[in-house]
Amino acid sequence: QRLYRKSLKILSSWAIDRHVFLDEADILRARFDAGTSASEAKAIRLLKEANAEVHEFTHPDPYCVPFMPGGSLFMRNPPPPLEVCFPDGNYPADAPKILFNADMSVAKKETGKAAVGTVLVDFTKKNME
């Protein structure tokens, strides 16, 4: 299932038009379905070939959502901290109480990605670490 999902992500980087993507995704799904009833030895060979093909067709600059790290809208207009907007500490009742990370995920201490201090964004992998 991970190989199929990764294949679709790579396909979305190459196929710009949605109709082309859907047609190619149908072909890709048929290729995966053809190997479901294979013997164990054939399945191992198919997986090795598929991984090699994924490696071969990986896009040099994969598509990412514009507001995520690496996107053209990433942190274009970040909201200023509440301490800057209200230096006296008198926050309005409707002020947001949820903190967001740089990748727009909710900041939680238990996930290890809390929006405190500095955040390292790896633009080569296009993710937040």
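Readers should treat all values here as calculations from the given coordinates under stated rules, not as data from a laboratory. The shown structure was predicted, so the numbers you read here are calculated from the model rather than taken from an experiment. Please note: Cβ atoms are built from the backbone with ideal geometry, for glycine as well, and neighbour counts cover all protein chains shown.
A few notes on this one:
- Near Tyr91: Cβ cut-off under 14 Å, other residues only, Lys/Arg at +1 and Asp/Glu at -1. The net charge is -2.
- Cut-off 12 Å between beta-carbons: net charge of the residues surrounding Ser12, Lys and Arg +1, Asp and Glu -1: +2
- Computed E for Lys9/Ser39 - FRET, C-beta separation, R0 30 angstrom, nearest 0.05: 0.55
- If R0 equals 35 Å, the separation of the Cβ atoms of Leu22 and Glu83 corresponds to a calculated FRET efficiency of about 0.15.
- Restraint check, Lys9/Lys97; Lys9/Lys108; Lys48/Lys108, Cα-Cα greater than 31 Å: Lys9/Lys97; Lys48/Lys108
- Across the range 26-42, computed HN-Hα scalar couplings (Karplus, 6.51 cos²θ - 1.76 cosθ + 1.60, θ = phi - 60°) run 5, 5, 5, 5, 5, 5, 5, 5, 5, x, 6, 9, 7, 5, 5, 5, 5 Hz from first to last residue, x flagging Gly and Pro.
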